[in-house]
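The values are calculated or read from the model by the stated rules, or taken from the named source; none is laboratory data. Small disclaimer: the values here were computed from a predicted structure and weren't measured. We place every Cβ from the backbone using ideal geometry, glycine too, and count neighbours over all the protein chains shown.
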């Protein structure tokens, strides 16, 4: 008869006590499994959220805020940048129809513009182009292959379908939108009571995304052309969209432009009287003079008459509607909030990053870096704390095993004495006790792993519905580096439990080792 | 077969003094011989059996079994020797409650260097009349049946010496003779030397050799 069998029989003999100690280990193990798997899924989700492109470009300001806006659809957009800035990364046809390449276009594979500021229910609306779903990926599979967007219903909107929209899977579930449905978007946050709903500019659902496990599951994507045609989204006409390049007066021009913009908004909201309106004319005049002095051919205003007539154009122009369908908004009335850049070569990212940040128009951020910092700075700490707590639960359970076994040793002294009298050496009885501890730990651990995965499986649909993150019942915690190897922490769990068992079983095993056989046999049964 | 020479054993009292338990000049049992050891309570019978079995070590003297002085062995060596050469039947049977009858007999074979012989275990249990109770645990066996399992366990490794410490003390009067007969018969068949300790007067008369163990000295032989 093997020592394992003797140990197992001893466990069976104290079935209730064994069950309780095994259960405590199982619960602790299940908690660790849940934390590890969720940790891994969240980490992967964070990583995937910023995959598929090299840089995010946006107005100067906080890098994190730009990342939150663009990647996670959170927080308020910083500011907008000129549409002409976006065009510097694209190939397009000029006013004469001649193919033209933007300044940096040769380095760019895909440039996807983002127009933010609107929402539908609690979900952010992103004005963009079909390239987002046609040309960008949103992550990579374990083998390194990129993950491309797919549709569970419908398809991507086309460039000429100005009112086309694609809905993320979670947004679709929560709002009930289906392919073919029409819906208006709200300027600003939908929960704001004073927010204006663009009833007259409704979009229609062309496609619903399959789950990606990224924040894009919780967003609504509309054709940028249709986004621009909404009245609130038209940039006031300035007659020139380029800024002076002379660094000496650049700052002055920027300040004047900001003042001008603010005044335009106030006028549109009816917050300025006639006297204030005349001040607007003066500001516009000043702006024009600055440009005339330091910008040559690029200025859209060549003489005083043009300046004068421009300064009378206060208020917001309405959207232009063509008889056969909407006419795209002129480019000088457009702005973008951000641009996602996928470059032709990784080498270009550093060059462009530095070039853009040296300029005064926009900033460039590495999204994966910002996301990693956000994860490590906040989410990572929370996950680590949860993991420590879960491990402490297992250790407490282990201490429970030790106390239970130690207390049972006095009851088992006769049994140990009998085995010794039958010829078992001290080391043998000690080994039997250690094997009992190991069996309890391993069985509790196995049950705990099954319990943890079952719990994950049970809650997976709820998690998917609310976050878009898909977790499979059998999904192991993602592999992490350990001594040069990459291994899932779950595979280390059982060996770690065995070590814990040896540790907690040692004291009871020593008691068994030191049992006085004569005294033990003389005890009445 | 068994030879004790100049054995002395004393226990330490809490106040540090020594309480002598054994002082034996010579004690001998031949191969296949069956003898009874009698003495009043506290005379050191169990202690003597423990010394013979190697469970405890004498303070002085020699214990030779099958030509081997076991007092010269390490504790682990004595444990292994006991497993292979000595069978022990306890007063209170000492079957492990979590094991079946068969498993208790197999347990007796576990601590030797030999592989477990299941057929030997089955044969022994059949011989003691428990071939139909192999899977029963001790709490499902009668007192007499439990003692018979203990006898089978003690003989599992074909020992050369069987020590029985008051094997009938917890058996009802109706079954005591059966137990004694079983032990004597199986020892005879296996040519195992037997040293039995008992209080029961009726058994005393059945043995050719009966030794009385006084408080300190081994008294003369008493032939029944």
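Taken over region A:122-136, the residue count meeting the criterion of being farther than 14 Å from residue A:187 by Cβ and in contact with a helix residue (DSSP H, G or I) (Cβ under 7 Å, 6 or more places away or on another chain) is 3. Using the structure shown, decide if residue A:459 is at pLDDT 75 or above and more than 36 Å from the chain's Cα centre (by Cα). Judged against the criteria, residue A:459 is not a match. Say whether the condition of being within 26 Å of residue A:200 (Cα to Cα) and at pLDDT below 90 is met by at least one residue in region A:141-153. No, region A:141-153 has no match at all. Taken over region B:127-160, the criterion of being at pLDDT 90 or above, closer than 18 Å to residue B:34 by Cβ and surrounded by fewer than 23 Cβ atoms within 10 Å (Cβ to Cβ) is satisfied by B:160 alone.
Would you say residue B:124 is more than 13 Å from every other protein chain (Cβ to nearest Cβ), touching a residue at least 12 places away in the same chain (Cβ under 8 Å), in a helix (DSSP H, G or I) and surrounded by 21 or more Cβ atoms within 10 Å (Cβ to Cβ)?
yes
Taking region B:48-63 as the range and being under 14 Å from residue A:421 (Cβ atoms) and touching a strand residue (DSSP E or B) at 6+ places or on another chain (Cβ under 8 Å) as the test, the residues that pass are B:49, B:51, B:52, B:53, B:54, B:56. Is it true that some residue in region A:393-406 is crowded, with 18+ Cβ neighbours inside 10 Å, under 30 Å from residue A:81 (Cα atoms) and either within 14 Å of chain B (Cβ to nearest Cβ) or at pLDDT below 90 (or both)? Taking every residue of region A:393-406 in turn, none turns out to be crowded, with 18+ Cβ neighbours inside 10 Å, under 30 Å from residue A:81 (Cα atoms) and either within 14 Å of chain B (Cβ to nearest Cβ) or at pLDDT below 90 (or both). Is there a residue in region B:37-48 that is within 9 Å of another protein chain (Cβ to nearest Cβ), in contact with a helix residue (DSSP H, G or I) (Cβ under 8 Å, 6 or more places away or on another chain), buried (at least 19 other Cβ atoms within 10 Å of the Cβ) and under 28 Å from residue B:139 (Cβ atoms)? The answer is yes; a qualifying residue exists. Here residue B:221 clears all of (1) touching a helix residue (DSSP H, G or I) at 6+ places or on another chain (Cβ under 6 Å); (2) modelled with pLDDT under 85; (3) part of a strand (DSSP E or B) except the condition numbered (1). The residues in region B:79-96 that are more than 9 Å from chain A (Cβ to nearest Cβ) and over 18 Å from residue B:167 (Cα atoms) can be counted, and the count is 1.
Taking (1) facing chain A (nearest Cβ under 9 Å); (2) out of contact with any helix residue (DSSP H, G or I) (no Cβ under 9 Å at 6 or more places or on another chain) in turn, residue B:74 satisfies each apart from (1). Give me a count of the residues in region B:177-202 that are over 15 Å from residue B:148 (Cα atoms) and out of contact with any strand residue (DSSP E or B) (no Cβ under 7 Å at 6 or more places or on another chain). Result for region B:177-202: 8. Considering B:7, B:21, which residue is part of a strand (DSSP E or B), touching a helix residue (DSSP H, G or I) at 6+ places or on another chain (Cβ under 6 Å) and over 17 Å from residue B:159 (Cα atoms)? Residue meeting the stated conditions: B:21.
Residues in region B:97-121 that are at pLDDT 90 or above and part of a loop (DSSP other than H, G, I, E, B) were compared, and the one that is farthest from the other protein chains (Cβ to nearest Cβ) is B:100.
Could you tell me whether any residue of region B:5-13 is buried (at least 19 other Cβ atoms within 10 Å of the Cβ) and touching a strand residue (DSSP E or B) at 6+ places or on another chain (Cβ under 8 Å)? Break it down stepwise before answering.
Initial filter on region B:5-13 (buried (at least 19 other Cβ atoms within 10 Å of the Cβ)): B:7, B:9.
Then drop every residue that is not touching a strand residue (DSSP E or B) at 6+ places or on another chain (Cβ under 8 Å), which leaves B:7, B:9.
Yes.
For region A:477-489, indicate whether the set of residues that are under 15 Å from residue A:30 (Cα atoms), at pLDDT 90 or above and assigned to a helix (DSSP H, G or I) is non-empty.
Here is the first cut: in region A:477-489, the residues under 15 Å from residue A:30 (Cα atoms) are A:477, A:489.
With at pLDDT 90 or above added as a condition, the list becomes none.
No; the residues of region A:477-489 include none that is under 15 Å from residue A:30 (Cα atoms), at pLDDT 90 or above and assigned to a helix (DSSP H, G or I).
Residue-level check: of (1) closer than 29 Å to residue A:488 by Cβ; (2) part of a strand (DSSP E or B), residue A:42 misses just (2). Scanning region A:1-57 for residues that are closer than 23 Å to residue A:411 by Cα, away from chain B (no Cβ under 14 Å) and crowded, with 20+ Cβ neighbours inside 10 Å gives A:21, A:22, A:24.
Could you list all residues from region A:131-155 that are without any contact (Cβ under 8 Å) to a residue 24 or more places away in the chain and outside any strand (DSSP E or B)?
Quick first cut of region A:131-155, residues without any contact (Cβ under 8 Å) to a residue 24 or more places away in the chain only: A:131, A:134, A:141-145, A:148.
Passing the criteria: A:131, A:134, A:141, A:142, A:143, A:144, A:145.
Yes or no: region A:62-80 includes at least one residue that is closer than 30 Å to residue A:385 by Cβ, out of contact with any strand residue (DSSP E or B) (no Cβ under 7 Å at 6 or more places or on another chain) and surrounded by 22 or more Cβ atoms within 10 Å (Cβ to Cβ). Yes.
When region A:159-190 is filtered for residues that are touching a residue at least 60 places away in the same chain (Cβ under 8 Å), over 18 Å from residue A:230 (Cα atoms) and in contact with a strand residue (DSSP E or B) (Cβ under 7 Å, 6 or more places away or on another chain), the ones remaining, listed by number, are A:168, A:169.
The residues listed here are A:414, A:420, A:426; of these, the one that is buried (at least 17 other Cβ atoms within 10 Å of the Cβ), under 25 Å from residue A:3 (Cβ atoms), modelled with pLDDT under 90 and within 14 Å of chain B (Cβ to nearest Cβ) is A:414. The set of residues in region B:64-81 being surrounded by 14 or more Cβ atoms within 10 Å (Cβ to Cβ) and touching a strand residue (DSSP E or B) at 6+ places or on another chain (Cβ under 9 Å) consists of B:64, B:65, B:66, B:70, B:71, B:81.
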